[in-house]
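Q: Below is one structure. I have some questions about it.
A short reminder: the numbers here are calculations on the coordinates, not readings from a lab. What you are looking at is a predicted structure, and each value in this text was computed from that prediction instead of being measured. So basically every Cβ, Gly included, is an ideal-geometry build from the backbone, and we count neighbours across all protein chains shown.
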Amino acid sequence: MTEKFYAPAEPARGLLLLSGEDRSKFLQGLVSNDVRTLDGPHAIWAALLTPQGKYLHDFFIAALGDAWLIDGEGARIADLKRRLSLYKLRAKIALDDVSEQFEVLQAWGPGAGAPFGFHQPGEAIQRDGGVTFLDPRLGELGLRLIAPKGTGAALLDGLGFVPGDLADWDRLRIAHGVPDGSRDMILEKAILLENGFDELHGVAWDKGCYIGQELTARTKYRGLVKKRLMPVAIDGPLPEPGTLILRDGQEAGEIRSGRDRVAVALVRLDALEAGMTLVAGEATVRPIKPDWAKF
């Protein structure tokens, strides 16, 4: 029997609880995805952008009772709360930091969604005071479980999961070329469509306006994407994040997060021609197109 694993998210995640009758109207005009889908048993991945369409935060959103949990980077959750609160005005909402009340666990392995009856990315269920969902970006990344502090491990143990090493999940994420927040996307510079948000279900094209929507739409419909985040196989020592990728001495990309012999990197699409030698630091790198990508 193939084992299914779990581990606490590390670094720790931050959690905001958005409640109030205006929560849908409030958030719909701010983030890249359609929050109306949260009315069903569904979680989403979304981003908050600058007015110029550049990356500020990405996060998961899932319903919990008559409120919504926003699961973001722990070290930056206060900044996310501050930025969202700027738009509160007279909206009938409350935005509370509940990071100390809940924990986030990652669970993965073949059939990880089966114990919850999940088949499609984003499917969610509320139980035991928390919410569990199949990663809305890519089902292969497994489950995210948001549970009252100290209860998540027992729940997963009871469903046949065993404790694992989160580094193994991180290798899985990197191998699929999925970004991990500000580890892989540079604040106020990264563009959503360069980082897979279209194919990974992080943008709703029919939802109407939100902050940064104009540039995001223009990038898609005018074919302006010239670089993409993707896995790269490493032959040599793993380059540090930020190391430039060179082709014949010219910049062709940049390394982001990595482990062992694989990393994710932002690579120029014109550098993907067969036979091209790409180097980063003392290593040779070989870009790998993810199965989910459409470029």
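Q: Semi-axes, largest first, in whole Å: what does sqrt of 5 times each Cα gyration tensor eigenvalue give for region 4-176? Please report the intermediate quantities before stating the final value.
A: On the way: eigenvalues 142, 55, 46 Å².
Working from the Cα gyration tensor, I get semi-axes of 27, 17, 15 Å.
Q: Sorting M230, M276 on the 10 Å Cβ count, fewest up front, what's the list? It would help to have the intermediate numbers written out before the result.
A: On the way: M230 23, M276 13.
Final ranking by Cβ density, sparse to dense: M276, M230.
Q: What's the Kirkwood radius of the chain in Å, using all Cα pairs? Intermediate values should be presented prior to the final figure.
A: Values: mean 1/r = 0.0507 Å⁻¹.
Answer for the chain: a Kirkwood hydrodynamic radius of 19.7 Å.
Q: Output the antiparallel fraction of DSSP beta bridges having both residues in the chain, as a percent to the nearest 5.
A: Bridges in the chain are about 95 percent antiparallel.
Q: Of the peptides 263-270, 238-245, how do they stack up when ordered by the mean number of other Cβ atoms within 10 Å, highest first?
A: Ranked by mean Cβ neighbours within 10 Å, highest first: 263-270, 238-245.
Q: Roughly what angle does helix 166-176 make with the longest principal axis of the chain, taking Cα atoms, 0 to 90 degrees, to the nearest 10?
A: With rounding to tens, the tilt is 60 degrees.
Q: Relative to the compact globular guide of 2.2 N^0.38 Å, what is the alpha carbon radius of gyration of region 226-295, as a ratio?
A: In units of the 2.2 N^0.38 Å rule of thumb, it is 0.97.
Q: Hey, another quick one. Is there a pair in K81/K207; K54/K289; K226/K289 whose C-alpha atoms are over 21 Å apart, and which pairs would that be?
A: Over 21 Å Cα-Cα: K81/K207; K54/K289.
Q: When the helices in the chain are scored as -39500 (n - 2.57) per DSSP H run of 4 or longer and the sum is shared across all residues, what 222 nm value do you end up with, to the nearest 500 deg cm²/dmol?
A: Using -39500 (n - 2.57) per qualifying helix, the result is -4000 deg cm²/dmol.
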